[in-house]
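What follows is calculated from the coordinates using simple rules that are stated; it is not laboratory data. Just so you know, these numbers come straight off a predicted model, no measurement behind them. Don't worry about glycine lacking a Cβ; one is built from the backbone with ideal geometry, like all the others, and counts go over all protein chains shown.
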Amino acid sequence: MTYRSALIVDDDPVFGALAEDLLLDAGVTSVATASNGVEALAHVDGGAAAADIMLCDLNMPAHDGVSLIRSLAERRYPGRIIIVSGEADSVIEAVAKLAKIQGLNILGATRKPLRAEDLAHLLERAADVPARKAEPAAAVPSLLDAAIERGGLHPFFQAKVSMTTGVVMGAEALARIATPHVPYANPVPYVELAERNNRIDALTFAMARAVSRYVADLGAVGVYLPCSINISPASLERVDFPDLMAEAIATSGLSCDQFTLEVTETRLVEYGARALDVMTRLRIKGFGLSVDDFGTGYSNIDRLQMYPFTELKIDQSFTRKALEETFARACVETSVRLAKELGLKVVAEGVETREMWDFLAGLGVDEAQGFLMSKPLPPAEFKALALSGRTFLDKASA
Ligand code: C2E
Ligand code: MG
Ligand code: MG
């Protein structure tokens with residue numbers, strides 16, 4: 001993104017001159033300077049010349065960076081902000097968080113000395129304002145019934161790609177629900193409705209039957225692919241769940257060891273002895289067990305060790321945070337290392353950018369899933385991808 005005007009707020013004239021050169025080199029056409037927060041606010045209140053982007057130091061004698069950010073938030077400053085400071089990373093990150101919480105459009109933070117590549121990278125970023133997602137349409141009970149009983153359930157498949165070879169190693173099946181308005185509606189409201197109405201196991205078994213049909217169809221053309229199916233944590237309370245799940249898979253003549261069941265991490269803390277019983281029997285039948293959305297809940301790897309998991313899926317939000325904050329980065333690094341030491345396969349989900357791919361590949365993550373490689377696809381399109389032998393190593397930086 002190109003910015004027209006910039007304001008550098010720093011009490012050090014040498015830094016000001018260097019930053020001005022870097023901004024002009026980056027294509028900014030007009031650069032103003034202020035030596036403290038008071039001068040910066042005078043500039044902002046001046047209106048006509050308000051800057052598109054502000055580079056803000058933290059430690060200044062009059063009206064320091066934190067006070068300036070508070071004043072900018074009060075004025076609902078619409079420009080983008082980059083924090084550049086000599087303070088410790090933890091302090092810089094705390095201020096960046098504070099700015100974000102107060103609704104400012106913060107692009108990121110970096111330590112002095114400011115380097116051209118860091119500045120270019122930050123200028124490329126979209127402002128980190130919380131995206132307001134459109135709420136999916138509410139679930140309709142009769143359509144849930146149609147999904148479970150009358151063929152209104154459509155599995156899509158998203159590729160899981162090896163981070164070392166770029167080859168498609170498997171797929172995750174994601175439910176789509178037929179409605180009169182959209183043929184493939186988002187599953188989340190339907191999964192939640194099914195959980196509330198005690199229909200979730202019926203939905204899971206219908207999904208398992210449909211998915212295993214497509215997986216068998218791939219097998220018939222010589223493509224053996226492991227496939228993941230999402231299950232609800234509520235099912236782990238049901239002692240006959242392993243038998244019924246195995247029966248659903250057997251309808252297509254497949255064996256359970258071609259399937260991994262994904263359970264979201266957020267409710268792991270609620271699991272008791274019964275869940276451990278059910279999980280253990282699922283493993284004995286041959287299913288893999290994956291912790292989904294790792295990093296969104298409260299568990300740590302130590303806690304996961306209690307359960308017989310085979311795979312850990314790192315949530316997209318955890319990776320995103322790691323790219324911005326030192327503490328989150330350390331958490332992701334430690335999680336990956338420990339998971340691998342425990343013999344778990346590590347998969348990253350929601351990989352959307354080359355930056356994410358490079359970071360995760362550098363940590364030794366085994367597989368990645370995300371829009372960078374492929375969206376969830378209808379079965380015929382996924383089959384074509386699996387048969388094409390296409391690899392995705394071109395997604396990594398050389
Ligand atoms: P999940 O299991 O964590 O699945 C990943 C979600 O992230 C999917 O959303 C997928 O479409 C989306 N996704 C994949 N790559 C990217 C990416 O690069 N960027 C972004 N922003 N998103 C990406 P989807 O299909 O809407 O599913 C949402 C959730 O619904 C799933 O999250 C899963 O928890 C649940 N779900 C889906 N199918 C079923 C099912 O058959 N049974 C149960 N119990 N839950 C299901
Ligand atoms: Mg999943
Ligand atoms: Mg997930």
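Could you give the angle, 0 to 90 degrees to the nearest 10, between helix 354-363's Cα long axis and the longest principal axis of the Cα atoms of the chain?
70
Taking every pair of distinct Cα atoms and averaging 1/r, then inverting, what Kirkwood hydrodynamic radius in Å comes out for segment 206-319?
14.6
Cβ under 15 Å from Thr164's Cβ, Thr164 left aside: what net charge do those residues give with Lys, Arg +1 and Asp, Glu -1?
With Lys, Arg at +1 and Asp, Glu at -1, the net is 0.
Counting Lys and Arg as +1 and Asp and Glu as -1, each charge on the Cβ, what is the dipole of the chain about the Cα centre in debye, to the nearest 20?
I would put it at about 1120 debye.
What size of dipole, in debye to the nearest 20, comes out for segment 117-254 about its Cα centre when the only charges are +1 on Lys and Arg C-beta atoms and -1 on Asp and Glu C-beta atoms?
340
Mean shadow of segment 5-128, computed from the convex hull of its alpha carbons, in nm²?
Here the figure is 6.5 nm², rounded to one decimal.
Arrange Ile284, Ile83 by Cβ neighbour counts within 10 Å, fewest through most, would you?
Ile284, Ile83
Placing +1 on the Cβ of each Lys and Arg and -1 on the Cβ of each Asp and Glu in segment 141-397, which of Pro242, Val223, Trp357 has its Cα farthest towards the positive end of the resulting dipole?
Val223
Go ahead and estimate [θ] at 222 nm for the chain from helices alone: -39,500 (n - 2.57) per DSSP H run with n ≥ 4, summed, over the residue count, rounded to 500.
Using -39500 (n - 2.57) per qualifying helix, the result is -12500 deg cm²/dmol.
Please give the net charge around Ser142, taking every other residue with its beta carbon less than 14 angstrom from that of Ser142, where Lys and Arg add +1 and Asp and Glu add -1.
That works out to 0.
Report the convex hull volume per residue for the chain, counting only C-alpha atoms, in Å³.
Taking the convex hull of the Cα positions in the chain, it is 164 Å³ per residue.
Over all alpha-carbon pairs in segment 32-72, figure out the percentage whose distance exceeds 15 Å.
Tail fraction, whole percent: 30.
Taking neighbour Cβ counts within 10 Å as the exposure measure, how do Tyr3, Tyr214 sort from fewest upward?
Listing Tyr3, Tyr214 from fewest to most nearby Cβ atoms yields Tyr3, Tyr214.
Within a Cβ distance under 14 Å of Ile284, other residues only, what is the Lys/Arg minus Asp/Glu net charge?
0
Among bridges DSSP assigns within segment 141-397, what percent are antiparallel (round to 5)?
So the antiparallel bridges in segment 141-397 amount to around 40 percent.
Nearest 10 degrees, 0 to 90: what angle lies between the long axis of helix 200-220 and the longest principal axis of the chain (Cα atoms)?
Approximately 80 degrees, to the nearest 10.
Relative contact order for segment 5-128: what percent, with Cα pairs under 8 Å and sequence separation of 6 or more?
Taking the mean separation of contacting Cα pairs over the length of segment 5-128, I get 22 percent.
Counting only Cα atoms, I'd like the Rg/Rh figure for segment 131-195, Kirkwood definition for Rh.
1.10
For the pairs Lys160/Lys345; Lys313/Lys375; Lys100/Lys340; Lys112/Lys395; Lys285/Lys345; Lys321/Lys395, flag any whose C-alpha to C-alpha distance is greater than 23 Å.
Going by Cα-Cα distance, Lys100/Lys340; Lys112/Lys395 fall outside the 23 Å limit.
Rg and Dmax in Å for segment 68-130, alpha carbons only: what are they?
11.4, 32
Give the residue from Val95, Ala116, Ala32 lying farthest towards the positive end of the charge dipole for segment 5-128; charges sit on Cβ (+1 for Lys and Arg, -1 for Asp and Glu) and the dipole is referred to the Cα centre.
Among Val95, Ala116, Ala32, the one farthest towards the positive end of the dipole of segment 5-128 is Val95.
Please arrange Cys331, Cys56 by how many other C-beta atoms lie within 10 Å of their C-beta, fewest to most.
Going from sparsest to densest Cβ surroundings: Cys331, Cys56.
Can you list the equivalent-ellipsoid semi-axes of segment 156-271, largest first and in whole Å, using the square root of 5 times each Cα gyration tensor eigenvalue?
Gyration-tensor ellipsoid for segment 156-271: 23, 17, 16 Å.
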